[in-house]
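Enquirer: Before I ask anything, here is the structure I am working with.
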Amino acid sequence: MTKSFRNKFLFSSALLSILLTGCGDDNVDNEGTGDVSEDAESDTEESSELSGEITFWTASLSGDPFDGYFEEIKSDFETMHPDVTVNIQDTPQNEMEQRVLTSLTGSDAMDVINLNPHYMANIASQGGLLNMEEYLDDDIGSRFVEGAFEAGYYNDELLALPWYLTTTVSWYNSDHFEMAGVENVPSNMQELYEASSAITEETGNPSFFQIINDGNTIMEKMVTIANGENIVENGEAVFQDNADILEFFDTVQTMYSEGLISQQNAEGSIGAAQELFMNENLSLVEGGITFLGPVESGAPSVYEAAKAGLPLNGDDAPMNIAVMNLAVPTNTEYPETAVAFAEFVLNAENQLEFAELAGTVLPSTVESLEDDYFTDPGDSPKASGMQQGAQALERARVLIPLTENNFELREVTKNTFVEVMIGDISAEEGLNQLAEEWTKSFSNSDIDVSF
């Protein structure tokens, strides 16, 4: 394994963890890193206005090939704006939230930060992020995928712009599907049960895995299944009355009891699903476009048999989008420069280059997604995932709003879902219990929200 490939693989694995924990007419023009002279000439007036030394904190994006990419970004922006100096520092993703919070009252300041929405909510609730709207053109939202752009709002203020994305697709072992005579990816719970039964009968192994993570995936799944109906009304949970959500909980319990779902599913992580998939002890799973990262190197024959499909729901059901954002702290000394640099990183050409280097993410700009790299990516398993993921973005959005009690909701959702799945309580009991806990959490936090 070459150094470049090894680092790229490590990035893919880290990026999967980050994203699932769970994203024009620029001030600096919408040009990429390759054509700097024209930008610099046309931006002479702005170049004289932008100044200062700013620091950009990336999250777990160090090493080859990303060091070279960010160095080029830095060089190009400084060429366009001679009075600006850009410093780039990489911070481990699991340290980012605490470092940002500490910097708000300390001397370890930064000016542009790479955040996921979970961290963004906590920092924003403490007044730590700049409202970027006053520094941006009115049409800024038209440049980005709508659902990704909306993820940057908190209490009606635009606190972040979307960078790289992933969304949900289905991954399946086509050899297992062929053995069982299953021709299509299931699109509802009944079809999922029937397909899983047929596959398990042929392989002798569990066939489906419901990723749980820290509970966020189940929360998002509930919104998807509700398909436009609110699961929370003015801070009160109402999902216990939704027949389709009840069917989801009940069917998962039945599949677990019949051996169609592995006992390892109680742990519920993406890593557990990948391990089972590599060992051919799993045939079908919903996951992000990054799912095949370790499969490609760890089980090449399984990788070759892997295919991507649309998510396991109706064609019109909303899907979740996982977003990594760029934000600017309120204590930056140079807000105009910081926002302009964020815009430059996020322009269509730079995002396309980043997505090509990473190989496992989607860009957030509409223009980038129109490139052949996404519309005609080839026949490899990962390419099919990129194509299906890009198509899924059309109906993708952040399904769970950022609220201060988000951690509490995720935790109780995970625990209750596992109780139902392994048969400790019935699906109906579990949903009623979960609804009561959600409503209590919203009440205790004085949160009046509907979604």
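Enquirer: Starting from residues that are within 13 Å of L161 (Cβ to Cβ) and out of contact with any Leu (no Cβ under 6 Å at 6 or more places or on another chain), keep the ones in segment 118-130 and report whichever is modelled with the lowest pLDDT.
Expert: By that ranking, first place goes to M120.
Enquirer: How do the pairs read when you match residues in segment 224-247 that are more than 21 Å from N444 (Cα to Cα) and at pLDDT 95 or above with residues anywhere that are among the hydroxyl-bearing types (S, T, Y) and buried (at least 18 other Cβ atoms within 10 Å of the Cβ), using Cβ under 9 Å and keeping only pairs 6 or more apart or on different chains?
Expert: As it stands, the answer is T224/T168, since those pairs meet every condition given.
Enquirer: Pairs needed: first member in segment 185-198, assigned by TED's automatic domain parsing to the domain that holds F249 and polar (S, T, N, Q); second member anywhere, at pLDDT 95 or above and part of a helix (DSSP H, G or I); C-beta distance under 7 Å; at least 6 residues apart or different chains.
Expert: If the second residue must be at pLDDT 95 or above and part of a helix (DSSP H, G or I), the pairs left are S196/M255.
Enquirer: May I ask you to list the residues in segment 69-114 that are in a strand (DSSP E or B) and more than 25 Å from the chain's Cα centre (by Cα)?
Expert: V84, T85, V86, N87
Enquirer: Now, a different point. Which one is surrounded by the most Cβ atoms within 10 Å (Cβ to Cβ) among residues in segment 121-159 that are among the β-branched types (V, I, T) and more than 18 Å from L362 (Cβ to Cβ)?
Expert: The qualifying residue surrounded by the most Cβ atoms within 10 Å (Cβ to Cβ) is I123.
Enquirer: Turning to a different aspect of this structure: Does at least one position in segment 382-389 carry a residue that is within 19 Å of the chain's Cα centre (by Cα), outside the structural domain of W438 (by TED's automatic domain parsing), among the hydroxyl-bearing types (S, T, Y) and more than 30 Å from D448 (Cα to Cα)?
Expert: Among the residues of segment 382-389, at least one is within 19 Å of the chain's Cα centre (by Cα), outside the structural domain of W438 (by TED's automatic domain parsing), among the hydroxyl-bearing types (S, T, Y) and more than 30 Å from D448 (Cα to Cα), which makes the answer yes.
Enquirer: Take the residues in segment 335-381 that are of a type in the set (G, A, S) and within 17 Å of the chain's Cα centre (by Cα), then tell me which one is surrounded by the fewest Cβ atoms within 10 Å (Cβ to Cβ).
Expert: The qualifying residue surrounded by the fewest Cβ atoms within 10 Å (Cβ to Cβ) is G359.
Enquirer: Let me ask something additional. Show the residue pairs that are 6+ apart or on different chains and have beta-carbon atoms under 7 Å apart, the first residue being within segment 414-427 and outside the structural domain of W438 (by TED's automatic domain parsing), the second being hydrophobic (A, V, I, L, M, F, W, C) and in a helix (DSSP H, G or I).
Expert: Every condition considered, no pair remains.
Enquirer: Could you identify the single residue in T416, T403 that is farther than 21 Å from G152 by Cα and buried (at least 20 other Cβ atoms within 10 Å of the Cβ)?
Expert: One residue alone meets the criteria, T416.
Enquirer: Something else about it: Among the residues of segment 278-298, is there at least one that is of a type in the set (A, V, I, L, M), under 23 Å from A151 (Cβ atoms) and either modelled with pLDDT of 95 or more or buried (at least 23 other Cβ atoms within 10 Å of the Cβ) (or both)?
Expert: yes
Enquirer: Only one of these is hydrophobic (A, V, I, L, M, F, W, C), at pLDDT 95 or above, over 25 Å from S301 (Cβ atoms) and part of a strand (DSSP E or B): W163, W171. Name it.
Expert: W163
Enquirer: Still on this structure: Looking at (1) buried (at least 24 other Cβ atoms within 10 Å of the Cβ); (2) at pLDDT 95 or above; (3) not aliphatic (A, V, I, L, M), which one does G385 not meet, given that it meets all the others?
Expert: (2)
Enquirer: Would you point out which residue out of D250, D214 is farther than 16 Å from A427 by Cα, of a type in the set (D, E) and buried (at least 17 other Cβ atoms within 10 Å of the Cβ)?
Expert: D214
Enquirer: Still on this structure, please answer the following. Looking only at segment 219-247, count how many residues are touching a Ser or Thr at 6+ places or on another chain (Cβ under 6 Å), in a helix (DSSP H, G or I) and surrounded by fewer than 17 Cβ atoms within 10 Å (Cβ to Cβ).
Expert: The number of residues fulfilling the criteria is 0.
Enquirer: Another question, if that's okay. Given segment 260-354, what helices (runs of 4 or more DSSP H) lie entirely inside it while holding 1 or more residues that are under 27 Å from Q190 (Cα atoms)?
Expert: 270-278, 300-305
Enquirer: Then there's this: What is the residue count in segment 149-158 for residues that are modelled with pLDDT under 95 and more than 12 Å from L130 (Cα to Cα)?
Expert: Within segment 149-158, residues that are modelled with pLDDT under 95 and more than 12 Å from L130 (Cα to Cα) number 4.
Enquirer: Next up: Can you pull out every residue in segment 254-281 that is on the phi < 0 side of the Ramachandran plot and touching a Ser or Thr at 6+ places or on another chain (Cβ under 7 Å)?
Expert: M255, L260, L276, N281
The values are calculated or read from the model by the stated rules, or taken from the named source; none is laboratory data. Given the structure is predicted, the values throughout are model-derived calculations rather than measurements. All Cβ positions, glycine included, derive from the backbone under ideal geometry; neighbour counts span all protein chains shown.
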